[in-house]
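K.L.:
One structure is given below, represented as structure tokens, and several questions about it will come after.
The values are calculated or read from the model by the stated rules, or taken from the named source; none is laboratory data. Since the model is a prediction, treat every value here as computed from it, not as a measurement. A quick note on method: Cβ atoms are made from the backbone with ideal geometry, for glycine too, and the neighbour counts reach across all protein chains shown.
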């Protein structure tokens, strides 16, 4: 849960907002995707976009789940199928921005198929 929460935050999504989440403490030391060459925060300009809404809900659900159990509550669903869908969105965004900017493949790099 904590890793997914961080990945979603890393691409600029937190709660419900039309703009990227703020840096945690200090812009000079905190890390977010837009500090990487080619990195852009996730487009949140349309708050009704289903993918953006899902990422916001999963971020919130993961945040709540790190504090206490959420099963049987009205907290956002963070079951494995939804986490997998969110991870697919995050990986797609990373590929579209940072990796494509460098002419690389996230999948190939992860599987060790790219020359480094």
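K.L.:
Any idea which residue in the range 41-57 is nearest to the chain's Cα centre (by Cα), counting only those that are crowded, with 18+ Cβ neighbours inside 10 Å and either touching a residue at least 60 places away in the same chain (Cβ under 8 Å) or part of a loop (DSSP other than H, G, I, E, B) (or both)?
P.N.:
42
K.L.:
Checking the structure you have, find out if any residue of the range 25-40 is at positive phi and modelled with pLDDT of 90 or more.
P.N.:
So the first thing to find is which residues in the range 25-40 are at positive phi, and the list is 38.
The next check asks that each one be modelled with pLDDT of 90 or more; those that pass are 38.
Yes, the range 25-40 contains a residue that is at positive phi and modelled with pLDDT of 90 or more.
K.L.:
So is residue 93 surrounded by 16 or more Cβ atoms within 10 Å (Cβ to Cβ) and either modelled with pLDDT of 80 or more or farther than 28 Å from residue 109 by Cα (or both) or not?
P.N.:
Details: surrounded by 16 or more Cβ atoms within 10 Å (Cβ to Cβ): yes; either modelled with pLDDT of 80 or more or farther than 28 Å from residue 109 by Cα (or both): yes.
Taking the combined requirement at face value, the residue satisfies it.
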